[in-house]
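Take a look at the structure below.
The values are calculated or read from the model by the stated rules, or taken from the named source; none is laboratory data. Values in this document were obtained by computation on a predicted structure and should not be read as measured data. Ideal geometry is used to build each Cβ from the backbone, glycine not excepted, and the neighbour counts take in all protein chains shown. Each accessible area value is taken on the protein alone, full model and side chains, heavy atoms only, with ligands, DNA and RNA left out. Shrake-Rupley method; radii C 1.70, N 1.55, O 1.52, S 1.80 Å.
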Amino acid sequence: MERSAGRVTRRRVRTRANLLDAAFEVFAAKGFGRVSIEEVCEAAGYSRGAFYSNFASLDELFFALYRQRADLIAEQVSRALAQDGPDLDVPAAVDRVTEVLLLDLDWLLVKTDFLVHAARHAAVAQTLLAHRARLRGAIAERLARARGHTALPAVLGDVDAAAHAVVAAYDGVTTQLLLDKDVEHARAWLKQLLTALLTDGSGAHR
């Protein structure tokens, strides 16, 4: 019985992963608001029953995708920042983070489509706001370590305001990236913005 239950669990995990992968491809190709559950099922090779045993709606599936991508970005950022030890050297950390940060055009398309969808549906917007707040919280936690090495500019107020500024910079750079498709320029511009926001702008170590 235990072996059977294990096989079912592994099969369910695989089904969920395949649905997420298929949905991402279909969302990127057609746009979040133009895709039906049937199209996701067809792309993944599953029935509607398989979909509903994993997700209640396309919104729920999107948030699973969002968490997946957010976890990947958090892992990339954490790895880049781990080299600093107990304190955070902001200029050096900005260099490392902007070199490894995921700038996936397909993901940015899907995320932007969903942002428009959320803007028209209050309940979805609240869930998306909660996800973004958690992201800012993680950034603020990392920036709090900067006080032991590089002082944040006083104009930002505190680490929470600095985290808001970081997310706003990322949003602005990725909006431009969606239009010009220039990933290398986006990385360079994000590095400049974050250095200016989180230091005196010179990038010099104190």
Fill in the blank from the handout: Over the range 94-127, the set of residues in a helix (DSSP H, G or I) and without any contact (Cβ under 8 Å) to a residue 40 or more places away in the chain is Arg96, Val100, Leu115, Ala118, Ala119, Ala122, Ala123, Ala125, Gln126
Fill in the blank from the handout: Among residues of the range 82-93 being crowded, with 19+ Cβ neighbours inside 10 Å and assigned to a helix (DSSP H, G or I), the residue modelled with the lowest pLDDT is Val90
Problem - Hits in the range 127-161 - residues which are at pLDDT 80 or above, open to solvent by less than 50 Å² (accessible area, probe 1.4 Å) and not hydrophobic (A, V, I, L, M, F, W, C) - result: His131, Gly137
Exercise for the section: Please tell me if Ala188 is at pLDDT 75 or above and either open to solvent by less than 40 Å² (accessible area, probe 1.4 Å) or more than 23 Å from the chain's Cα centre (by Cα) (or both). Expected result: no
Practice task
Could you tell me whether any residue of the range 17-37 is open to solvent by 60 Å² or more (accessible area, probe 1.4 Å), at pLDDT 80 or above, of a type in the set (Ser, Thr, Tyr) and farther than 30 Å from Leu143 by Cβ?
Solution key: no
Problem - the range 113-139 - residue that is of a type in the set (Lys, Arg) and under 14 Å from the mean Cα position of the chain (by Cα) and, of those, nearest to His164 (Cα to Cα) - result: Arg136
Exercise for the section: Hey, could you check the range 176-191 for residues that are touching a residue at least 12 places away in the same chain (Cβ under 8 Å) and either outside any helix (DSSP H, G or I) or β-branched (Val, Ile, Thr) (or both) and say which is nearest to Leu115 (Cα to Cα)? Expected result: Lys181
